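Enquirer: Take a look at the following structure, please.
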Amino acid sequence: MKTVEILAAGNELLQGIVQESNSHWLAKRIAARGASLVRVTVLPDEPPVVAQELRAAIARAPSLIVTHGGLGPTDDDRTREAIAMALDAPQALHSEAEAIVRRRYAELAAQGAVGDAHLTPARLRMAMLPQGARALDNAVGAAPGIVVKAGPVTIVALPGVPPELFWIWEHSLAPVLDELLGPGGFAEITLELDLLDESRIAELLASVQHAHPRVYVKSRARGFEAGDEIRVTLAASGADDARAHRRVEVALAELRTGLAAVGIAIRA
């Protein structure tokens, strides 16, 4: 199975100023492509720290490393610098990235969203990419995304602004993901049990998980009051949706049998 790691950069995330939601959004899309997200790390806007974590991630050799945050025009947007540092590659003005930034500011000026389309030094910072990188178009904001190889590992850097990240992932990055991860498949089923005591099903869930290692089996307890009934989710990835569904259905049948044997009902 292809593996993915995420590095989220932003002092605002570590200080609780902004809730880190991009990784949650990405996790669902990664699972939907049949890949496994194995690590999410939140880091400050400090290039040496981000570079160190990038080098450690590259050494683990996942199929894909995704960074988000730190691609904008301000002084604390330093993920481009961190990637260059990690790869020991110089940064330079990238013609494709410059064209994207130039086009976007022309469009934004025409819409009245910015005062003018002039490429100031701050705006040109967004076109300074590590050597060997490719630029990804951004039709929502102005900062291009980045794709760069580190041996067999692909690194993708996305803006931290959610609508920009979403658009790049679903549009300009899609061909890269198709080639790297494939379309993949995903299935998920959640049951609500007539049960408040999670300990009663611990052994059963462990048995189902052991018998079906490619299916993720997770119970979610909420409390011991009425309305806090336990939910159990079974999820699986696969080469396509049909294979993922088959894996879940087989595990689900075993879970249903086990629940019936101990007298635990599944709510409709």
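Quick note: the coordinates plus some simple rules give every number you see, no bench work behind them. Only a predicted model underlies this, so the values are computations on that prediction, with no experimental measurement involved. Note that each Cβ is placed from the backbone with ideal geometry, even for glycine, and that neighbours are counted across all protein chains shown.
Enquirer: Which order, highest average first, do 150-158, 171-179, 106-114 follow once you tally other Cβ atoms within 10 Å for each residue and take the mean per peptide?
Expert: Values: 150-158: 19.6, 171-179: 14.6, 106-114: 12.2.
Top of the packing list down: 150-158, 171-179, 106-114.
Enquirer: With θ set to phi - 60° and the Karplus curve 6.51 cos²θ - 1.76 cosθ + 1.60, what are the ³J(HN,Hα) couplings of segment 241-250 in order, to the nearest whole Hz, using x for Gly and Pro?
Expert: 4, 4, 5, 5, 5, 4, 4, 5, 5, 5
Enquirer: With labels modelled as points extended 7 Å from the Cα through the Cβ direction, what inter-label distance (nm, one decimal) is found for residue 226 paired with residue 257?
Expert: 3.6 nm
Enquirer: If the only charges are +1 at each Lys and Arg Cβ and -1 at each Asp and Glu Cβ, what is the size of the charge dipole of the chain around the Cα centre, to the nearest 20 debye?
Expert: Approximately 660 debye in magnitude.
Enquirer: Take the Cβ-Cβ distance between residue 219 and residue 59 as r, set R0 to 41 Å, and report the resulting FRET efficiency rounded to the nearest 0.05.
Expert: 0.75
Enquirer: Still on this structure, please answer the following. Go ahead and run the numbers for FRET between residue 76 and residue 38, Cβ-Cβ distance against an R0 of 35 Å, rounding to 0.05. Spell out each step's value before the answer.
Expert: Numbers: r = 28 Å, r/R0 = 0.80.
Computed FRET efficiency for residue 76 and residue 38: 0.80.
Enquirer: Let me ask something additional. Rounded, prolate or oblate, given the Cα gyration tensor of segment 85-172, with a/c below 1.5 counting as rounded?
Expert: Working: a/c = 2.66, a/b = 1.53, b/c = 1.74.
Verdict is oblate for segment 85-172.
Enquirer: Another one. Can you tell me, using C-alpha contacts under 8 Å and at least 6 residues apart, the relative contact order of segment 59-206 as a whole percent?
Expert: 26 percent
Enquirer: Additional query: Give me the extension gain from residue 21 to residue 192: residue separation times 0.36 nm, minus the current Cα-Cα distance, reported in nm with one decimal.
Expert: 59.0 nm
Enquirer: Please give the helix 22-32 orientation as an angle from the longest Cα principal axis of the chain, in degrees from 0 to 90, rounded to the nearest 10.
Expert: Long axis of 22-32 versus the principal axis of the chain: about 60 degrees.
Enquirer: Could you work out the relative contact order of the chain, using alpha carbon pairs under 8 angstrom and six or more residues apart, expressed as a whole percent? Show your work: numbers first, answer last.
Expert: On the way: 516 pairs, mean separation 45.9, N = 268.
Computed over the chain, the figure is 17 percent.
Enquirer: Give the separation of the Cα centroids, segment 1-70 to segment 140-162, in Å.
Expert: Centre-to-centre distance over Cα atoms comes out at 11 Å.
Enquirer: Here's another thing I want to ask about it. Expressed as a rounded percentage, what relative contact order does segment 185-261 have, with Cα pairs under 8 Å and six or more residues apart?
Expert: Over segment 185-261, the number comes to 42 percent.
Enquirer: Another question, if that's okay. Divide by every residue of the chain the summed helix terms, -39500 (n - 2.57) for each DSSP H run of at least 4, and state the resulting mean residue ellipticity at 222 nm, rounded to the nearest 500 deg cm²/dmol.
Expert: -12000 deg cm²/dmol
Enquirer: While we're looking at this one, here's another question. Quick one: net charge around residue 49, please, counting Lys, Arg +1 and Asp, Glu -1 for every other residue with C-beta under 14 Å from its C-beta.
Expert: Values: positive: 55, 78; negative: 45, 46, 53, 76, 81.
Residues near residue 49 contribute -3 overall.
Enquirer: Starting from the Cα gyration tensor of the chain, multiply each eigenvalue by 5, take the square root, and state the resulting semi-axes largest first in whole Å.
Expert: For the chain, the semi-axes come out at 42, 19, 17 Å.
Enquirer: Shifting gears a bit: Starting from the amide H of residue 136, placed 1.01 Å from N in the peptide plane, find each other amide H under 5 Å away whose residue is 5 or more places distant or on another chain.
Expert: Amide H neighbours of residue 136, under 5 Å, 5+ apart: 145, 146, 147.
Enquirer: Among residues other than residue 262 whose Cβ falls under 14 Å from its Cβ, what is the net charge (Lys/Arg +1, Asp/Glu -1)?
Expert: Once positives and negatives cancel, what remains is -3.
Enquirer: Let me ask something else. Output ³J(HN,Hα) for segment 109-126: one whole-Hz value per residue in order, computed from phi by the Karplus curve 6.51 cos²θ - 1.76 cosθ + 1.60 with θ = phi - 60°, and x for Gly and Pro.
Expert: Values per residue, Gly and Pro as x: 5, 5, 7, x, 6, 10, x, 7, 9, 5, 7, 6, x, 5, 5, 5, 4, 6 Hz.
Enquirer: Run the paramagnetic zone check for residue 241: 7 angstrom along Cα to Cβ, then residues of segment 1-39 with backbone nitrogen under 13 Å.
Expert: In segment 1-39, the label zone of residue 241 (backbone N under 13 Å from the point 7 Å along Cα→Cβ) covers 32-33.
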